[in-house]
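No value in this document is a laboratory result; all are computed from the given coordinates. Bear in mind that the values here come from a model prediction, so they are computed numbers and not experimental data. Heads up, the Cβs are rebuilt from the backbone with ideal geometry, glycines too, and the neighbour counts pull from every protein chain shown.
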């Protein structure tokens, strides 16, 4: 793992991209990472072919992150190697054993923890990962509900761990969320969409502007580098 450097405002991951054109546009606007969802029930699900096209088109400094829910090691590694993903985001009930196997293969791992589900924020000591993603959960799908929640609950993770904040973020509320939780990065999907799986680039632009003008209570670190 490369040295994790300090930063002034949170990095930005735009998740649930489904086309090369929108992915490139988000990257050009300044997104640090792009997320591809490999969970079939999601309206943002992409095939391996779609994801590979997106990853191949991204600039070198923009990370491609694959989002998985309770997949096997073989299923994840096959996609990592075939598509060229820079990191994986585990959004289900994955174990530390799976995390270790992935990291032994040189894969950067982000693990989702949930305010209203399992694994919970209190389960963080069970995992050794590059970063945690704090989400609300409690919905039919593991993420992408678009509902705001008490982001300050995630601040319990921000002192000892690299933290990505997600769940109900929009251009209008992300500055408050950053102030509440002081995350190292923020992750948005439905909050910058015109419909599920289709990004509204003006909303993306407004979201990035709001994050860059937000205020954190601590020195942040770079996750996507």
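Between residue 156 and residue 57, the contour length at 0.36 nm per residue exceeds the Cα-Cα span by 32.0 nm. Compared with the direct C-alpha span, the chain from residue 175 to residue 195 gains 4.9 nm at full extension, assuming 0.36 nm per residue. Spacing of the modelled spin labels on residue 75 and residue 19, each 7 Å from Cα toward Cβ, amounts to 2.8 nm.
Summary value for segment 6-221: 22 percent relative contact order, contacts being C-alpha pairs under 8 angstrom separated by 6+ residues. Where only DSSP H runs of four or more residues are counted, the chain gives -7500 deg cm²/dmol as its mean residue ellipticity at 222 nm, each run worth -39500 (n - 2.57).
Simple spin-label estimate for residue 219 and residue 122 gives 3.3 nm between the two label positions (7 Å along the Cα-to-Cβ direction from each Cα).
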